[in-house]
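Working notes, beginning with the structure itself.
The values are calculated or read from the model by the stated rules, or taken from the named source; none is laboratory data. Quick caveat, the model's predicted, so the values are computed rather than measured. We place every Cβ from the backbone using ideal geometry, glycine too, and count neighbours over all the protein chains shown. What goes into the accessible areas is simple: the full protein's heavy atoms, side chains included, and nothing from ligands, DNA or RNA. Shrake-Rupley method; radii C 1.70, N 1.55, O 1.52, S 1.80 Å.
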Amino acid sequence: MSRPAHKRPEYHKINKDLFVLTYGALVAQLCKDYEKDEDVNKYLDKMGYNIGTRLVEDFLARSCVRRCHSYSEIINIIAQVAFKMYLGITPSVTCHNSSRNEFSLILHKNPLAEFVEELPAGRSALCYCNLLCGIIRGALEMVHLAANVTFLQDRLKGDSVTEIGITFLKKLDEKKYRRKK
Amino acid sequence: MAVCIAVIAKENYPLYIRSTPTESELKFHYMVHTSLDVVDEKISAMGKALVDQRELYLGLLYPTEDYKVYGYVTNSKVKFVMVVDSSNTALRDNEIRSMFRKLHNSYTDVMCNPFYNPGDRIQSRAFDTMVTSMMIQVC
């Protein structure tokens, strides 16, 4: 079960522009430091993972989510509660396959990439928001769910929407599942 | 309708310059270059008052036979210069002012792009389209 549902009294907010610019500076610096796009993506993912493993505690404490019984429930919580809480957007959810372990979060608006017009020349493989993938992966791992999280479509690469694909790797193990969600 | 729009950095080198009849590009570059002296003059002459009022619009810099040159300077000393056909009498001061404001907003967006290095030439597509729209715009 989740923790009791009283929100933390002090709920600090920071200026959105400051946050977006900080993230932009981070990615730009990584691009300067690493020549290959793959390396930049990898480091963004790694950073995100470290954030995610911590953030999940904050999320569980602050939100009053109950135990989830299916993958689709988890995805809905991520989309409707977590994204709303931390980014102020609600992506829509789609499911691809019949075994119901592959999902997509479709972001019609991406606040993180708000100021970015296009990817810099020669950086076509860069996943600008790969940090998000890492965060989701890390957070899910902390609740004993192994998942593959990648960008399937990116507005910055010319697609019409930004799509994050989440694939759950293992069937839910009842024992592990009982521990805590 | 503007015929030439230029963005000039604090150190007085061009960040962006575009003019519509491309044949007379050199003439416009020259005009913008000359206008910088007037801009400097205006800033130093009423610098104090400008800063106090936060008035960024400099107004008409100088008229020539065929054109009028308007100026705008941001708090970070980036200058916007716009050359307007003087036959176009319908263009009011207020409209010029709002055009500059639009230009300024667009420039701010360019600056916010994490992949743009301040001081580089502006190659942003969004900025380009905005300038184009201002040049075609019938006022």
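What the table below lists for this structure:
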item: Dipole of chain A [Lys/Arg +1, Asp/Glu -1 at C-beta], most positive-end residue of A:Leu107, A:Val65, A:Pro91; result: A:Val65
item: Ranking by accessible area, most exposed first, for A:Leu60, B:Leu103 with a 1.4 Å probe; result: A:Leu60, B:Leu103
item: Per-residue [θ]222 nm for chain B (sum of -39500 (n - 2.57) over DSSP H runs n ≥ 4, rounded to 500); result: -14000 deg cm²/dmol
item: Assigned charges on the beta-carbon of Lys, Arg, Asp, Glu; segment B:2-134 dipole about Cα centre (debye); result: 380
item: Interface area, B with A, accessible, probe 1.4 Å, both sides summed, Å² nearest 100; result: 900
item: Environment charge of B:Tyr57, counting only residues whose C-beta is closer than 9 Å and scoring Lys/Arg +1, Asp/Glu -1; result: 0
item: Threshold 50 Å², segment A:84-124 residues less accessible with all protein chains present than alone (1.4 Å probe); result: A:Phe115, A:Glu117, A:Glu118
item: Residue-level accessible surface for B:Asp37, protein heavy atoms, 1.4 Å, Å²; result: 110
item: Check: chain A dipole with +1 on Lys, Arg Cβ and -1 on Asp, Glu Cβ, in debye; result: 1180
item: Accessible-area value, B:Val78, 1.4 Å probe, nucleic acids and ligands omitted, Å²; result: 10
item: Partners for B:Lys68 among aspartates and glutamates (Cα-Cα distance below 18 Å; same-chain residues under 8 apart left out); result: B:Glu25, B:Asp37, B:Asp40, B:Glu41, B:Asp85, B:Asp93, B:Glu95
item: Accessible area per residue in Å² at 1.4 Å probe, computed on chain B; result: 54
item: Cα radius of gyration and Dmax for chain B (Å); result: 14.2, 42
item: Portion, in percent, of the accessible area of segment B:2-134 that falls on carbon or sulfur, probe 1.4 Å; result: 51
item: Cα long-axis angle, helix A:37-62 against chain A (0 to 90 degrees, to the nearest 10); result: 30
item: Solvent-accessible area per residue, Å², over segment A:16-176 with all protein chains present [probe radius 1.4 Å]; result: 50
item: Residue pairs, from the table A:Lys32/B:Lys77; A:Lys157/B:Lys102; B:Lys10/B:Lys42; A:Lys157/B:Lys77, whose Cα atoms sit over 24 Å apart; result: A:Lys32/B:Lys77; A:Lys157/B:Lys102; A:Lys157/B:Lys77
